[in-house]
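The structure under discussion appears below in the form of structure tokens.
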Amino acid sequence: MKFTRFFNSIIAITLIAFFVSSCSSTETTQKEETSKITPTGLDPFAQNELLGRGINLGNSLEAPTEGEWGMVLEEKFFKLISEAGFNSVRIPIKWSAHASTSPPYKIDEDFFLRIDWIVEMAKKYRLAAIFNMHHFDEIFEEPKTNKERFLALWEQISERYKYLPKEFLFEPLNEPHANLTSDIWNNYLADAIKIIRITNPGRTIIINSAEWGGAGSVPKLVIPKKEENVIVSFHFYEPFHFTHQGTEWNKSSDDWLGLTWSGTDDEIAFINERMDIVTNWAKEHNRPINIGEFGCYSRADMKSRIVWTTHIAQVQAPSRDFSWNYWEFGAGFGIYDRDSSVWREKLLKALIP
Ligand code: BGC
């Protein structure tokens, strides 16, 4: 009898222990799973606030190889950007230069590791980050031939970064243009979103319109209706001859040298007219807007650059609730002088007063 009772107690204790341990392990598993579930149901307008005032880390990872255009990203850039008061970084990335050209179009692991480091930096310095696909030149020339590769690249990027928090956003393609027309782009975009959504149901996606992503092409954008978690991004370099004077990659842009911008009524009216195209579209479609790039090249006079930049960042964008990412940190449009390791203070103040 005594033995039976003793035996029963042993069984009871074992059962209780098993129950407790299985409960706690279920709890752990659930916790782990919860922390891995991609955030769904995000408000894209709140997400756009996270982007707030940001900057492009241009001329580094969208070059054929990092460093080829003179910029190699360093930890101190992220620190400086964060301490200056920026909220986000946009990372232009030329994935197509780091992946095989035949199926399954595998992205190089070393390159992924470099992007993992960016993730670490953005987290460490509390910056939201946009990962885009930049300079996929082949798809602009021959969309059909490159569509499969485009989608395969996004499949891999999405899989790799599916557990990142909501502060990381994906931008399928920078400035679609040439043979990748609005109609074709609307189509490819829908397919890219489908691919991203398989692994990232809650990821906020940033969408650039065709025709170089300018204000005028935003109304041509067709976003799948059920897609709520998106931000629309356009690029603003107007008047183009002023902002791009002396750019080495625009033929005859030396002829534009000397153009100034002082914010006259006419100059502002022109900018309002362009910006209104986007504002009106955004209201009609209820979409948040980001200016993914805007900036003025270093060969324009500094005073004009400051007045124009101040006008976009401090007047246009806030009055329209647009978030923005200035083009760019430390190269030809740069607000940071890498040779002397100092901010170009007046340009920085034009952005973050
Ligand atoms: C391009 C850069 C260029 C910038 C301003 C970006 O989208 O990738 O090469 O400097 O626009 O034109």
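The values are calculated or read from the model by the stated rules, or taken from the named source; none is laboratory data. Since the structure is predicted, the reported quantities are computational estimates derived from the model, not experimental observations. For neighbour counting, all protein chains shown are included, and Cβ atoms are generated from backbone atoms with ideal geometry for every residue, glycine included.
For segment 207-219, the criterion of being farther than 23 Å from ASP321 by Cα and either surrounded by 17 or more Cβ atoms within 10 Å (Cβ to Cβ) or away from the ligand (no atom under 13 Å from the Cβ) (or both) is satisfied by at least one residue.
Residue-by-condition table, conditions (1) in contact (Cβ under 8 Å) with a residue 40 or more places away in the chain; (2) under 16 Å from the mean Cα position of the chain (by Cα); (3) over 17 Å from ASN286 (Cα atoms):
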site	(1), (2), (3)
LEU189	no, yes, yes
ILE193	no, yes, yes
THR204	yes, yes, no
SER209	no, yes, no
TRP212	no, yes, yes
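The selection criterion, being of a type in the set (D, E, K, R), surrounded by 14 or more Cβ atoms within 10 Å (Cβ to Cβ) and within 16 Å of the ligand (Cβ to nearest atom), holds for GLU238. Only a single item in (1) under 22 Å from the mean Cα position of the chain (by Cα); (2) of a type outside the set (D, E, K, R); (3) away from the ligand (no atom under 14 Å from the Cβ) is not met by PHE329, and it is number (3). Look at (1) in contact with a Leu (Cβ under 7 Å, 6 or more places away or on another chain); (2) within 19 Å of PHE240 (Cα to Cα) and you find that THR310 fails only one, number (1). Look at segment 227-242: where a residue is farther than 20 Å from LYS303 by Cβ and a partner is within 12 Å of the ligand (Cβ to nearest atom) and among the acidic types (Asp, Glu), sitting 6+ places away or on another chain with Cβ atoms under 6 Å, you get HIS235/GLU293. Taking segment 148-185 as the search range and keeping residues that are among the charged types (D, E, K, R) and more than 15 Å from ILE196 (Cβ to Cβ), which one is nearest to the ligand (Cβ to nearest atom)? Residue satisfying both the conditions and the ranking: GLU175. Go through the residues of segment 97-120 one by one and say whether even a single one is over 24 Å from GLU49 (Cβ atoms), in a helix (DSSP H, G or I), among the β-branched types (Val, Ile, Thr) and more than 16 Å from the ligand (Cβ to nearest atom). Within segment 97-120, one or more residues are over 24 Å from GLU49 (Cβ atoms), in a helix (DSSP H, G or I), among the β-branched types (Val, Ile, Thr) and more than 16 Å from the ligand (Cβ to nearest atom). Taking every residue in segment 47-66 that is within 30 Å of ARG320 (Cα to Cα) and assigned to a loop (DSSP other than H, G, I, E, B) and pairing it with any residue that is of a type in the set (Val, Ile, Thr) and away from the ligand (no atom under 13 Å from the Cβ), at least 6 positions away or on another chain, the pairs with Cβ-Cβ distances below 9 Å are LEU57/ILE81; LEU57/VAL89; LEU57/ILE118. Of the helices (runs of 4 or more DSSP H) contained entirely in segment 265-325, those carrying at least 3 residues that are within 16 Å of the ligand (Cβ to nearest atom) fall at 302-310. For segment 67-86, filtering for residues that are in contact (Cβ under 8 Å) with a residue 60 or more places away in the chain, of a type outside the set (Val, Ile, Thr) and crowded, with 21+ Cβ neighbours inside 10 Å leaves 3. The conditions of being crowded, with 17+ Cβ neighbours inside 10 Å and modelled with pLDDT of 95 or more are met by THR279.
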